[in-house]
Every structure is written in structure tokens, then in C-alpha cells.
Amino acid sequence: MAHTAPARTGPRTTHHPTVPLKAKLVLPALAGIVYGLWTSGIARHAGPITGWNVLLGVVSALVFAAAAYGVHTVAPRLPRELRAATWAAFAGIAFGFVYSLTDAGVVKTVGLSLVIAAGVLVVLFYRYYTAED
């Protein structure tokens, strides 16, 4: 039959349009700034702003932005299960660090981080599963 399309023999992949490098850097940088402000605000416990609070905020912002850029770069190359798990781990770790700054217990921090990570995993797996080509 000449009118049918050839069968697909390679692995399934989703189409991800190329995004300019400048656009790839803006979102993680803005998210890192917000995350850094959030961590420094929580760490000072409504006290005065100190040099350690500012340092914590700057370092947190840089690490968060670098990790977000790394996950954003690597995740599209992964299968949907690993892609969702990567974003879930990132969200759980980021939330867990911020929540640990509130002087909450370790068990409560880990438990809430796992709940956040599980929620992100379910939502993103559903999104990637239904949006495949």
C-alpha cells in the first residue's frame, strides 16, 4: 500500500522545540531569586537582617538556579517516568530545605517533603503520559 505511512521502528520520543539559551536561563534565575529571598526570610525568624541571612539567600539562590537549569536541561531527554521522578525529587528537596529552616522536626520535614514529591510525581507523570506524541 503506497498511501500508508511507514511503521515507526525507533523509541518513542516527545517533540521538544529548541528554546534559545537566554530563555532557558531566565526562568531558573528568576525562580532562584525568589527561592533565595524565601530562604533568607525564613532563616531570620522575623529578626534583623544579618550578613549570614544574606549569604544564605545568595547561596540558596545560586544552588537552586543551577539545579533547576540542570534538571530543565536533562529532563527532556529522559523517559516520562524518570522525567517526572527527576522533577519530583527536585521539588521535594527544595521544599524540604526551606521547611527545615523553620526549626521543624526531622520526621515532619521528611514526611512533608515526601508528600510534596509524591504529589509532583503524580501530576507530572499524568501530564507527560497524556501529552505524548
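Quick note: the coordinates plus some simple rules give every number you see, no bench work behind them. For clarity, every value in this text was computed on a predicted model and none was experimentally measured. Cβ atoms come from the backbone with ideal geometry, glycine included; neighbour counts cover every protein chain shown.
Using R₀ = 25 Å, calculate the FRET efficiency as 1/(1 + (r/R₀)^6) where r is the Cβ-Cβ separation of LYS108 and LEU30; round to 0.05. For R0 = 25 Å, the calculated efficiency reads 0.25. One decimal place: the segment HIS45-ALA66 gains 4.9 nm when fully extended, by the rule 0.36 nm per residue minus the C-alpha distance.
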